[in-house]
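Input: a single structure, listed below in structure tokens.
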Amino acid sequence: MSRPIVAIVGRPNVGKSTLVNRIAQTSDAIVHQSRGVTRDRSYHVADWNGREFMLVDTGGIEPMKSDDVFATSIRDQALAAAEEAAVILFVVDGSIGVTEEDESVARMVRKLKKPTFLLVNKLDNPARENDNLWEFYSLGVGDPVTVSALHGHGTGDLLDEVVALLPEDTGDEDTEPDTLRVAIIGRPNAGKSSLFNKMIGNDRSIVSNVAGTTRDAIDTVVERDGKRYRMVDTAGIRKKSTVYENIEYYSMVRGLRAIDRADVALLVVDASTGVTEQDQKVANLAIERGCALVVLLNKWDLLKDDYEREAVMETVNRRLTMAPWAEYLRISALTGRSVHKIWDMVDAAAERRASHITTSQLNRLLTDMREFGHTVSDGKRRLKMHYVTQTGEKPPAFTFFVNHTDLVSDNYKRYIENRMRATFDFKGTPIRLRFRAKKSDKDKE
């Protein structure tokens, strides 16, 4: 499901990143007293009363005459964020008052004619918050709302109003229940657009050797052997530190939104380079969002000998350790080598992602694991797993009821997942394991 965007804009050092951390309940956004700390845009999934949205933290907007070499690109990116947003949060510093920079941002925001909240931040004393509030009316973007990003004052009421203005979910799953959503993801210039065109049989996307040519996520519905696929050719996902153009940055955000609503992600890797750290991060994004994953080693025909081929496979084994269950395929999007095999791999991965294992099958496995004798103990306490049941699908999720949840270590979780994958066919899909406390009668004595 694609999440609506809420953009936070304002001049430097008014507390935008602090507000991001407060709303998203994270500490990902870097907070510092220096101006211009936030240069690269950052995105954060936030939730308020069960409604999810994407919160975008933008850099401080400075006047066009600024000496900062990044000022123009930061301003452009902030404008792009505001244009994409369903709601804009315009932050000013209540301890200083209205500045020329605030007026510059206000002019930009007024032109967009989007729902906008003027947030007067850094008023940490609620008893005196209305003392100088009147001057912010001069910005012409509505009634000022007092908040304290640092202490959380006023943010709850603000979020009530924000989520009330967000557009309703589009309901992609309901309108196309039989359509499989497939996102083609990867670094720029890995061959995604060439693969997209080869798979759908025409030049739907621009193909170029210039990294980042695809500026938007392009959806095409394909029917093949009676099955419908919504193919999404996403723009190359770059390292944040290299994203300066506003259109390139927002192509990245749209790519992430495509992953959000995909059933299967095709990770296109440039085999002439091998799996890089950035490929690893992109794969993690898809896994975290519950996508099935197929790894496509593109440009395989460019590898000259067995030594180069072995070197590429070494990077697969080393970089994709978080997804040893993912299937991979050696292809050439240019010549068409093995591209026809992708469809069957997509179908298989999607089927396993939607698989359901009966409770009786799961508990037979649990019995076998007990007989094997491998468990965890801490002093006199010993981990006991009472029973397990499947509690979700797409991807499959399983809840284990145990006596002491704190005894379930990461190593033991990996052991359980390996046993489950050895017993059931989960190739191509992540699985989720959850542990809940349940005491047996003997434990209660």
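Filtered by the rule that a residue be at pLDDT below 85 and either farther than 28 Å from residue 278 by Cβ or surrounded by fewer than 19 Cβ atoms within 10 Å (Cβ to Cβ) (or both), segment 227-241 gives 239, 240, 241.
All of 190, 164, 183 fail the test of being open to solvent by less than 70 Å² (accessible area, probe 1.4 Å) and either modelled with pLDDT of 90 or more or acidic (Asp, Glu) (or both), apart from 183. Here 411, 418 are screened, and the one residue that is under 29 Å from residue 297 (Cβ atoms), outside any loop (DSSP other than H, G, I, E, B), of a type in the set (S, T, N, Q) and open to solvent by 80 Å² or more (accessible area, probe 1.4 Å) is 418.
Annotation: residue 278 fulfils all but one of (1) touching a Leu at 6+ places or on another chain (Cβ under 9 Å); (2) open to solvent by less than 30 Å² (accessible area, probe 1.4 Å); (3) polar (S, T, N, Q); the unmet one is (1). Please verify whether segment 358-365 includes one or more residues that are open to solvent by 30 Å² or more (accessible area, probe 1.4 Å), assigned to a loop (DSSP other than H, G, I, E, B), more than 30 Å from residue 189 (Cβ to Cβ) and in contact (Cβ under 8 Å) with a residue 40 or more places away in the chain. Among the residues of segment 358-365, not one is open to solvent by 30 Å² or more (accessible area, probe 1.4 Å), assigned to a loop (DSSP other than H, G, I, E, B), more than 30 Å from residue 189 (Cβ to Cβ) and in contact (Cβ under 8 Å) with a residue 40 or more places away in the chain, which makes the answer no.
Within segment 427-440, at least one residue is in contact with a Ser or Thr (Cβ under 7 Å, 6 or more places away or on another chain) and open to solvent by less than 80 Å² (accessible area, probe 1.4 Å). Filtering 131, 102, 143 for residues that are farther than 26 Å from residue 52 by Cβ and at pLDDT below 90 leaves a single hit, 131.
The values are calculated or read from the model by the stated rules, or taken from the named source; none is laboratory data. None of the values given here were measured: they were computed from a predicted structure. All Cβ positions, glycine included, derive from the backbone under ideal geometry; neighbour counts span all protein chains shown. The accessibility values were calculated without ligands, DNA or RNA, using every heavy atom of the protein model including side chains. Shrake-Rupley method; radii C 1.70, N 1.55, O 1.52, S 1.80 Å.
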